[in-house]
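Engineer: Before anything else, here's the structure in question.
The values are calculated or read from the model by the stated rules, or taken from the named source; none is laboratory data. Remember, predicted model here, so these are calculated numbers, not experimental data. Here the Cβ positions follow ideal geometry from the backbone for every residue, glycine too, while neighbour counts run over all protein chains shown. When the accessible area is computed, the model is the full protein with side chains, heavy atoms only, and any ligands, DNA or RNA have been set aside. Shrake-Rupley method; radii C 1.70, N 1.55, O 1.52, S 1.80 Å.
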Amino acid sequence: MKKLWQKNEYKLDLVIEAFETKEDLLMDQKLIKYDVQGSLAHAKMLCKIGILSKSELAKLEKGLLEILSLNSQGKFLLKIGDEDMHTKIENYLTQKYGPLRSEASKAGQKIHTGRSRNDQILTAIRLYSKEIMEKIKQELIRLIKSFENFSKKYGLIKMPGYTHMQKAMPSSIGLWAGSFMDSFKDDCVLLNTAMELNDQSPLGSAAGYGTPLKLDRKYTAKLLGFAKVQNNSLYCQNSKGKIEAVILAALTQILLTFNKFASDIMLFSTTEFNFFQVSDQVTTGSSMMPQKKNVDAAELLRSKVHLVLGNYTALVSLSSNLPSGYNRDLQDMKKPLMESLEIALDSIKAAGILLNNLTPKREVMESALTEEIFAAQKAFELVQKGMPFRKAYREVK
């Protein structure tokens, strides 16, 4: 397929073409919907400023909506030779309705006016991230509610609290579950910051240096649902990798909370502790040992922070030591970003299911409140009677 930048008839080396586009096409396949949304907004803006006629806009809208429909049916597939989704979409618009002299083909040739693939892909990534982060936020709110319900149901059950992996002081299910609720609320604050930074439209910044055309960037930002325009055209490109790193940093904090929750579940569901009964619906067995009941979901939930942390390191590394403006290195940031967003969303859903399949064993937990766990309490009772704390500390055995 002819490339958007190709002027002469020659073929790019097939090995080089595969090296440059093979894995990226898999990422682009997930972004087609968002690229079409950006193209629809851009086309409407071009009509508004007189670059496109109303009839040309109507043709482009028809073609772009056809692409959306085909994509939803799994029939608009990218393959080696397409280079990227932008090429595939533009070629569809210029070729679908017949020879290049037709009105539709001319409109297809005009749609790229005033933009570059650089602001085009950045817009698609922002829209994708915006949608997935909103889903993450809503799932996180639901999960907090699930922890709240869990606490209301079981919160008064007493259990040992631990420091240094040793019994320390009395605790409760309510205190334990509430710690995760508060952690997730803090995680939401970080997520909101990432969402706010992401919610800026780069469309119209072109290759990073704007265009001499009087593009209405506020209009396209409004059409696409962005909170505002990212004004400095060069920073649109320089922020690529920066804002995505903030997103991954927020996701890392969410997954750190899951890590601790999952670690507790793994520990407290062992036969040695036996504090929680885990439903068969969320456990697996061993292919050799008949007695095994494995809480694999918790183990995998525990691991996810390490995957996203690795992605964060990769993304920051990819965007560092680069001069201002777009650099092709940044193409490789799609995978760590998109993979991390999907990991976070899946993890929240899995954590909610796991929580709803936990039943605290009241008798086991309360019987674990052995005498030594009340030592600090006894010391404070002496303090209330007037004894200095350090003396009381020494008195209690």
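Engineer: Sorted by accessible area (1.4 Å probe), largest first, how do Asp186, Asp199 line up?
Structural biologist: Asp186, Asp199
Engineer: Among [x] 95, 54, 38; [y] 57, 53, 44; [z] 56, 49, 41, find the value of Cα extents along the principal axes in Å that was calculated from the structure presented, and write down its label.
Structural biologist: Only one option fits the structure, namely [x].
Engineer: Contour minus end-to-end for Tyr209 and Leu322, with contour as 0.36 nm per residue of separation and end-to-end as the Cα-Cα distance?
Structural biologist: Gain in length upon complete extension: 39.0 nm.
Engineer: Right, next: Under a crude label model (7 Å from the Cα following the beta-carbon direction), how far is Glu148 from Glu23 in nanometres?
Structural biologist: For the pair Glu148/Glu23, the computed spacing is 4.2 nm.
Engineer: Between Asn356 and Met165, what is the spin-label point distance in nm, taking each point 7 Å from the Cα along the Cα→C-beta axis?
Structural biologist: It is 3.4 nm.
Engineer: Let me know the shape class of segment 224-293, please: from the alpha-carbon gyration tensor, a ≥ b ≥ c as square roots of the eigenvalues, rounded when a/c is under 1.5, otherwise prolate if a/b is greater than b/c, or oblate.
Structural biologist: Prolate, because a/c is 1.5 or more and a/b exceeds b/c.
Engineer: While we're on this one: Can you compute the helix-only [θ] at 222 nm over the chain? Use -39500 (n - 2.57) per DSSP H run of at least 4 residues, normalise by all residues, nearest 500 deg cm²/dmol.
Structural biologist: After summing the helix terms and dividing by the residues of the chain, the value is -21000 deg cm²/dmol.
Engineer: Here's a follow-up. Hey, what did segment 67-209 get for relative contact order, percent, Cα under 8 Å, at least 6 apart?
Structural biologist: So the answer I get is 26 percent.
Engineer: Kindly report, to the nearest 10 Å², the accessible surface of Phe273 as traced by a 1.4 Å probe over protein heavy atoms only.
Structural biologist: Accessible area, nearest 10 Å²: 50 Å².
Engineer: While we're on this one: If you place +1 on the Cβ of every Lys and Arg, -1 on the Cβ of every Asp and Glu, and leave all else neutral, what size is the dipole of segment 160-314 about its Cα centre, to the nearest 20 Debye?
Structural biologist: Result for segment 160-314 is approximately 520 debye, rounded to the nearest 20.
Engineer: Angle check, please: helix 242-268 long axis (alpha carbons) against the longest principal axis of the chain (alpha carbons), in degrees 0 to 90, nearest 10.
Structural biologist: For helix 242-268, the angle is close to 30 degrees.
Engineer: Further, regarding this structure: Just the accessible area for Met365, please: 1.4 Å probe, Å², rounded to the nearest 10?
Structural biologist: Only protein atoms counted, so the area is about 0 Å².
Engineer: For the chain, report the accessible area per residue in Å² (1.4 Å probe, heavy atoms, rounded to an integer).
Structural biologist: Here the per-residue accessible area is 52 Å².
Engineer: Of the residues Gln230, Gln384, Gln120, which exhibits the maximal mean-square fluctuation in a Gaussian network model of the chain defined by a 10 Å Cα contact cut-off?
Structural biologist: Fluctuation is largest for Gln384.
Engineer: Related question: Among Gly210, Phe275, Thr87, whose Cα sits farthest toward the positive end of the charge dipole of the chain (+1 at Cβ of Lys/Arg, -1 at Cβ of Asp/Glu, about the Cα centre)?
Structural biologist: The Cα lying farthest towards the positive end belongs to Gly210.
Engineer: R0 = 30 Å: FRET efficiency of Lys158 with Gln291, Cβ-based, nearest 0.05?
Structural biologist: 0.55
Engineer: For a 22 Å ceiling on Cα separation, which of these pairs sit above it: Lys130/Lys218; Lys33/Lys110; Lys75/Lys222; Lys304/Lys361; Lys110/Lys335?
Structural biologist: Lys75/Lys222; Lys304/Lys361; Lys110/Lys335
Engineer: Given the C-alpha centroids of segment 261-296 and segment 337-363, what is the distance between them in whole angstrom?
Structural biologist: Answer, in whole Å: 15.
Engineer: Here's a follow-up. Once both axes come from the Cα atoms, what is the angle between helix 54-72 and the longest principal axis of the chain, in degrees from 0 to 90, rounded to 10?
Structural biologist: Compared with the principal axis, the helix lies near 40 degrees.
Engineer: With angles folded into 0 to 90 degrees, how steeply does helix 334-355 sit against the dominant principal axis of the chain? Use alpha carbons for both and round to 10.
Structural biologist: 40
Engineer: Rounded if a/c is under 1.5, else prolate if a/b is larger than b/c, else oblate: which is segment 180-332, with a ≥ b ≥ c the root eigenvalues of its Cα gyration tensor?
Structural biologist: It comes out prolate by the Cα gyration axes.
Engineer: Could you pull out which residues in segment 154-173 have an amide N less than 16 Å from a spot 7 Å beyond the Cα of Val383, following the Cα-Cβ vector?
Structural biologist: Answer for segment 154-173: 169-170.
Engineer: Under a point-charge model restricted to the Cβ atoms of Lys and Arg (+1) and Asp and Glu (-1), what is the dipole moment magnitude of the chain relative to its Cα centre, in debye to the nearest 20?
Structural biologist: Once rounded to the nearest 20, the dipole reads 980 debye.
Engineer: Which order do you get for Met181, Met338 if you rank them by accessible area with a 1.4 Å probe, largest at the top?
Structural biologist: From most accessible down to least: Met181, Met338.
Engineer: What's the extension gain from Ser303 to Lys397 if we count 0.36 nm per residue and subtract their Cα-Cα distance?
Structural biologist: Computed gain between Ser303 and Lys397 is 29.8 nm.
Engineer: Sequence-distant or interchain residues sharing an amide H contact under 5 Å with Gln277, placed H: which?
Structural biologist: Answer set, sorted by chain and number: Thr359, Lys361.
Engineer: Could you tell me whether segment 288-397 comes out rounded, prolate or oblate from its Cα gyration tensor? Rule is a ≥ b ≥ c as square roots of the eigenvalues, rounded for a/c under 1.5, then prolate if a/b exceeds b/c, otherwise oblate.
Structural biologist: oblate
Engineer: Another question, if that's okay. Would you mind calculating the gained length between Glu363 and Leu234 on full extension (0.36 nm times residue separation, minus the Cα-Cα distance), in nm to one decimal?
Structural biologist: Length gained, Glu363 through Leu234: 40.1 nm.
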